[in-house]
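Below: the structure, in structure tokens.
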Amino acid sequence: MRSSIRERVGQTIIIFLLALLCISVIYPFMYMLAVSLNVGSDAAKGGVYLWPREFTLYNYEVVLGNSVIQHAYLITISRTIIGTFVGLLITLLAAYGLSYRNLPFRKSLLGYVLITMLFSGGLIP
């Protein structure tokens with residue numbers, strides 16, 4: 001099935017816009033990676049955009065060798081694993097309990113659960 005010229009032009013425009021979107025999303029990450037892999041004094045001069053001029057892993061050695069940052073990463077990873085497991089367990093238990101049709105106050109509990117899922121309180125400062 002052949003597509004018309006109008007459809008081809010439309011698809012070309014869509015592909016071009018999506019390519020621009022992808023570049024605008026990926027570029028900041030590539031820039032951060034290039035600067036982090038460059039020597040600090042050279043990166044301070046500027047001009048590092050996509051590829052480091054003076055490649056080094058010393059920046060990562062300094063950051064990952066710091067015991068305070070290692071401890072922070074340990075806490076972050078532990079909280080993520082424990083929080084995911086506990087959240088999954090609570091959701092599983094609530095779903096199992098709400099699956100019974102004869103559960104007392106089922107509609108009220110289900111409404112409470114659905115409202116809190118749809119309209120979360122967000123981050124409490």
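The values are calculated or read from the model by the stated rules, or taken from the named source; none is laboratory data. All of these numbers come straight from a predicted model, not from anything done at the bench. Here the Cβ positions follow ideal geometry from the backbone for every residue, glycine too, while neighbour counts run over all protein chains shown. Areas reflect the complete protein model, heavy atoms only, side chains present, ligands, DNA and RNA absent. Shrake-Rupley method; radii C 1.70, N 1.55, O 1.52, S 1.80 Å.
Descriptive notes on the structure:
- Tabulated pairs, segment 51-71, first in contact (Cβ under 8 Å) with a residue 24 or more places away in the chain, second assigned to a helix (DSSP H, G or I) and not charged (D, E, K, R), C-beta under 8 angstrom, 6+ apart or interchain: Y60/S36
- Looking across segment 42-58, not a single residue is of a type in the set (K, R) and open to solvent by less than 70 Å² (accessible area, probe 1.4 Å).
- The set of residues in segment 93-106 being of a type outside the set (S, T, Y) and exposed (fewer than 10 other Cβ atoms within 10 Å of the Cβ) consists of R101, N102, P104, F105.
- Test: residue in segment 59-66 that is over 30 Å from S24 (Cβ atoms) and exposed (fewer than 11 other Cβ atoms within 10 Å of the Cβ): yes
Residue by residue, here is whether (1) under 24 Å from the mean Cα position of the chain (by Cα); (2) among the charged types (D, E, K, R) holds:
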residue	(1), (2)
I23	yes, no
M30	yes, no
L37	yes, no
L50	yes, no
R53	no, yes
G65	no, no
T76	yes, no
I90	yes, no
S120	yes, no
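- Condition met for I90 (open to solvent by 90 Å² or more (accessible area, probe 1.4 Å), at pLDDT 95 or above and among the β-branched types (V, I, T)): no
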